[in-house]
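The values are calculated or read from the model by the stated rules, or taken from the named source; none is laboratory data. Keep in mind that this is a model prediction, so the values were computed, not measured. For neighbour counting, all protein chains shown are included, and Cβ atoms are generated from backbone atoms with ideal geometry for every residue, glycine included. Only protein heavy atoms, including side chains, enter the accessible area calculation; ligands, DNA and RNA are left aside. Shrake-Rupley method; radii C 1.70, N 1.55, O 1.52, S 1.80 Å.
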Amino acid sequence: MDKPEKGEPADLKMSESGKKSGKHITACLFSAAFFGALGSSFIYGYNLSVVNAPALYIKAFYNKTWIERYGAPIAAETATLLWSITVSIFAIGGLLGALCVPLLVKVLGRKGTLLLNNIFAIIAVLMLSLGERAKSFEMLIIGRLIIGVDSGVALSALPMYLGEITPRHIRGSIGQFNSILICLGVFTGQVLGLPELLGQESRWNFLFSFLALPAVLQLCVLPFLPESPRYLLMERRDEAAAERAFQRFLGKKDVSQELEEVHAEARAQDNLHAASVLQLLRSPAVRWQLITIIITMACYQLCGLNAIWYYTSGILREAGFAENIIPYITLSTGAIETLAAIVSGLVIERIGRKPLLIFGFSAMAFFFSLLTVFLNFQNSVSWMPYLSYICILAVIASFCSGPGGIPFVLTGELFEQSYRPAAFVIAGTVNWLSNFAVGLLFPFIQEKLQSFAFLVFVVVCILGSIYLYFVLPETKNKTFIDISQSFAKINKIPVPTPGHEMELVLSITPDSNGKVQDIVKMESSF
């Protein structure tokens, strides 16, 4: 084993067995995944659940402020409107954030975008925490909008960053940090919202103050970690910086194979500049990748889990559970979600993305069907509500086994570098519009269909599973070029032949030092 050179980064000091296996996760890579997700995905998940516990206190604050301003209680219709705006404007902010991502990642890079995004989080914390003291419910609404922008940026920039810094044999596992921290954020919001903690009338604004902690932790750690080496090499043309980044993330000195893989991807692309959304929509080479991402991301939101989160308390109340134990039952749902996401992250590289997605959606369809049956008979048998509760847990676990995180991993995997930012814009747009649609439409669906409302989600899950079975290739342990070429036949694009590959090799131009890129060692990605 070679001894580390003097001054060599600590990340390069690794065991001989680690070098041979190449399967380890370095401290640098783990830190990037964990702290990147902590200041991004965790905040998104936390905001999905944090408004549930203090809802009554926030509405009371709105009414009190209205009386102080206008001398009369707020009208019921106005109160409902203000609360609906407070909840739903989070999704509008998310959409705005997703639309900003291509410009931000182009100018600031992946890591730089995540760091800048903390500014939105901190501004939102101030607005949400001080709104009551300032006697301004407008500050809460604006704060929810800004934290939505933060989440919209995070859910696009983070999966892009994680996908580009991770070796392909663990890309799925590292990508699942996004899902795990979302679930952990939801669970943390539920825990802190308990009446014994911050779910009290005198403390509810501290629930929003807590958001500053993950943002500050990310600001303290992420600046010391490398930028995406793919971004540095393909967009900044800085091979030396890309090499150093690969060395730190992978924990080894010789990263020539990884650099050549990126060079091969660059040579295979018609355009190294980031494509616009319109160019992505018009490109026949990525048509079915785009359709797949749109359908997968739509199913991610329309499969019914948001309906479970938004209306868990109402569902449990209808199922016959006592009011005073509902918060603790809701807490168990967050714990199951987090556990299932962790298990998914551990097995994704063994089982693969496609089987986990199909299993997750199929299992959700099955348990939604059972839930419909149990809800229809809950008044007939005393123990039937408990079966309804078990079905809710099973739906959540099924979602987190695959559909809860893999769509974000796939968005980064199905597109090569130049198309990736635009792909995340479209995926983010579909994600947030679908999120908004579920929150807006499910109450009306539930009112019309009553206990049969969840059958709508059964149809979505089944159709999603069928599409993925026939169209989606397995992306486990494949390069980005391999994945793109898996769609070549369905896109009716010719697969490069060995002769064409040689043309790409011979077309390499000398670099700034007059030296031709060393291609002899390149392991073909075609």
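At a Förster distance of 30 Å, what's the computed FRET efficiency of ASP482 paired with VAL107, Cβ-Cβ distance as r, to 0.05? Working shown, then result.
On the way: r = 30 Å, r/R0 = 1.00.
Calculated value: 0.50.
As a test of reading the structure, rank SER401, SER369 by solvent-accessible area (1.4 Å probe, protein chains only), most first.
Working: SER401 20, SER369 45 Å².
In descending accessible area the options line up as SER369, SER401.
Calculate how steeply helix 212-221 sits against the longest principal axis of the alpha-carbon atoms of the chain, using the helix alpha-carbon long axis, and give the answer as 0 to 90 degrees to the nearest 10.
10 degrees
Using 1/(1 + (r/R0)^6) with R0 = 56 angstrom and r between the beta carbons of LEU194 and LYS492, what's the FRET efficiency to the nearest 0.05? Display every interim value, and only then the final one.
Details: r = 56 Å, r/R0 = 1.00.
Efficiency at R0 = 56 Å is approximately 0.50.
Any idea of VAL460's accessible area? Nearest 10 Å², probe 1.4 Å.
40 Å²
Any idea what the relative contact order of the range 381-487 is, in percent, if you count C-alpha pairs under 8 Å spaced at least 6 apart?
Values: 25 pairs, mean separation 35.2, N = 107.
With pairs under 8 Å counted, the relative contact order is 33 percent.
How much solvent-accessible surface does PHE224 expose, in Å² to the nearest 10, with a 1.4 Å probe and all protein chains in place?
140 Å²
Stretched out fully, how many nm does the piece from ASP254 to LEU213 gain, at 0.36 nm a residue minus the Cα gap?
On the way: separation 41, 0.36 × 41 = 14.76 nm, distance 3.74 nm.
Full-extension gain reported as 11.0 nm.
Which entry is the computed P(r) over Cα pairs in 20 Å bins from 0, in percent for this structure: [x] 22, 53, 22, 3, 0; [y] 19, 48, 27, 5, 0; [z] 23, 58, 19, 0?
Given [x] 22, 53, 22, 3, 0; [y] 19, 48, 27, 5, 0; [z] 23, 58, 19, 0, the calculated one carries the label [x].
Between SER31 and LEU463, what is the label-point separation in nm under the 7 Å Cα-to-beta-carbon projection?
4.7 nm
From the phi of every residue in the range 365-380, what ³J(HN,Hα) in whole Hz does the Karplus formula 6.51 cos²θ - 1.76 cosθ + 1.60 yield, where θ is phi - 60° and glycine or proline is x?
4, 5, 6, 5, 5, 4, 4, 4, 5, 5, 5, 6, 10, 5, 8, 8
What ³J(HN,Hα) values, in whole Hz, does the Karplus curve 6.51 cos²θ - 1.76 cosθ + 1.60 give for the range 391-407 when θ = phi - 60°, with x put for Gly and Pro?
Each residue of the range 391-407 in turn: 5, 4, 4, 5, 4, 5, 5, 5, 4, 6, 6, x, x, x, x, 5, x Hz.
Starting from the Cα gyration tensor of the range 172-320, take the square roots of the eigenvalues, sort them a ≥ b ≥ c, and report rounded, prolate or oblate (rounded when a/c is under 1.5, otherwise prolate if a/b is larger than b/c, else oblate). Please list the in-between numbers first.
Working: a/c = 3.07, a/b = 1.62, b/c = 1.90.
Taking the square roots of the gyration eigenvalues as a ≥ b ≥ c, the range 172-320 is oblate.
Could you tell me the relative contact order of the chain? Use alpha-carbon pairs under 8 Å, at least six residues apart, and round to a whole percent. Walk me through the intermediate numbers first.
Working: 799 pairs, mean separation 112.3, N = 526.
Across the chain, relative contact order equals 21 percent.
Which whole-number percent gives the relative contact order of the range 147-220, counting Cα pairs below 8 Å spaced six or more residues apart?
Numbers: 22 pairs, mean separation 11.0, N = 74.
Across the range 147-220, relative contact order equals 15 percent.
Rounded to the nearest 0.05, what FRET efficiency do ILE390 and THR80 have when you use their Cβ-Cβ distance and R0 = 35 Å?
Calculated value: 0.60.
Work out from phi, with θ = phi - 60° and the Karplus expression 6.51 cos²θ - 1.76 cosθ + 1.60, the ³J(HN,Hα) of each residue of the range 174-185, listed in order in whole Hz, and give x for Gly and Pro.
Coupling constants for the range 174-185: 5, x, 6, 4, 4, 5, 4, 6, 4, 5, 5, x Hz.
Describe numerically, in nm with one decimal, the distance between label points set 7 Å from Cα along Cα→Cβ at HIS273 and at TYR70.
Here the answer is 5.2 nm between the modelled labels.
Please list, ordered by chain and number, the residues whose modelled amide H lies under 5 Å from the amide H of TYR419; skip anything fewer than 5 residues away on the same chain.
Excluding prolines and chain starts, which carry no amide H, the hits are ALA275.
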